[in-house]
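K.L.:
Sharing a structure with you now.
The values are calculated or read from the model by the stated rules, or taken from the named source; none is laboratory data. From a predicted model like this one, the values you see are computed outputs, not experimental measurements. FYI the Cβ positions are ideal-geometry reconstructions off the backbone, even for glycines, and counts take in every protein chain you see. Surface areas here come from the heavy atoms of the whole protein model, side chains and all, with no ligands, DNA or RNA. Shrake-Rupley method; radii C 1.70, N 1.55, O 1.52, S 1.80 Å.
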Amino acid sequence: MKSVEVMNPKQTVLQNIQSSRPYLVWLMIWGIQAVLASTLEFIGQWLDVAAWQSIPLWIALAASAVVLGRDVRLGVWSKLTIPAGPSVWAVIMLIVAVWTLGYVHAADTSFIPLLKSFIVAAALAQLGVWLGKPILYIGIWQFVLTLVVATHYLGLASVALGGAGGLSMIALGWMLYIGNKQSEGVIQ
């Protein structure tokens, strides 16, 4: 009979944090993209930045293609152990659905930023379940911020929530980076 080693909850969180390493670059790329896009939109109140609006997206897509190519070449995706495997398809479908709703103008200009922010909040909350309470708290903060902006500052939704969502992704990436550094050697 095989002996099954049972890990305590702290070891499980540390294992999940170590398994999150391949996602760090994605969090940084898309977090920076969201912050830059929100910054350009904010500056657009005073200057004509329409020609620059799509540049952060194209840079993020190019960086993602480079990282994806590198990861496929190195076989990173075949080694992933974080318990998100099957749910990746649902996340991809949600992202494409939000993009499609925006592209076909199926909702007004306030709907898409609110929906994106709620999705980021829910994703952070779910990651908090796997990776620890501080990340759950970031998800709760993003959710409450989205509720406040939706009910009191709707006109600022795309700038405030886009920037906050991007900063949340950058903070998550930084926290996971620090967690990876601290957990090296703790779990073999």
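K.L.:
For the range 137-148, check the following and say yes or no: at least one residue is out of contact with any Lys or Arg (no Cβ under 7 Å at 6 or more places or on another chain), in contact (Cβ under 8 Å) with a residue 40 or more places away in the chain and of a type in the set (A, V, I, L, M, F, W, C).
P.N.:
Of the residues in the range 137-148, the ones out of contact with any Lys or Arg (no Cβ under 7 Å at 6 or more places or on another chain) are 137-148.
Right, trim to in contact (Cβ under 8 Å) with a residue 40 or more places away in the chain and you get none.
No, the conditions are met nowhere in the range 137-148.
K.L.:
Need pairs with beta-carbon distance below 6 Å; first residue more than 21 Å from ILE135 (Cβ to Cβ) and within the range 150-167, second at pLDDT 85 or above and aromatic (Phe, Trp, Tyr); sequence gap 6+ or separate chains.
P.N.:
Hits for this filter: VAL159/PHE42.
K.L.:
Could you list, ordered by first residue, the pairs with Cβ atoms under 8 Å in which the first is in the range 99-125 and over 15 Å from VAL159 (Cα atoms) and the second is open to solvent by 30 Å² or more (accessible area, probe 1.4 Å) and among the polar types (S, T, N, Q), at least 6 apart or interchain?
P.N.:
That search, which allows pairs on different chains as well, returns ALA106/THR100.
K.L.:
Just to verify a result, which residue in the range 19-38, among those that are hydroxyl-bearing (Ser, Thr, Tyr) and in contact with a helix residue (DSSP H, G or I) (Cβ under 7 Å, 6 or more places away or on another chain), is modelled with the highest pLDDT?
P.N.:
The initial filter retains those residues of the range 19-38 that are hydroxyl-bearing (Ser, Thr, Tyr), namely 19-20, 23, 38.
From what's left, in contact with a helix residue (DSSP H, G or I) (Cβ under 7 Å, 6 or more places away or on another chain): 20, 38.
Working: SER20: 74, SER38: 92.
Ranking the qualifying residues of the range 19-38, first place goes to SER38.
K.L.:
With the requirement that a residue be among the β-branched types (Val, Ile, Thr), open to solvent by 40 Å² or more (accessible area, probe 1.4 Å) and within 16 Å of TRP30 (Cβ to Cβ), what does the range 138-188 give you?
P.N.:
Matches in the range 138-188: ILE170 only.
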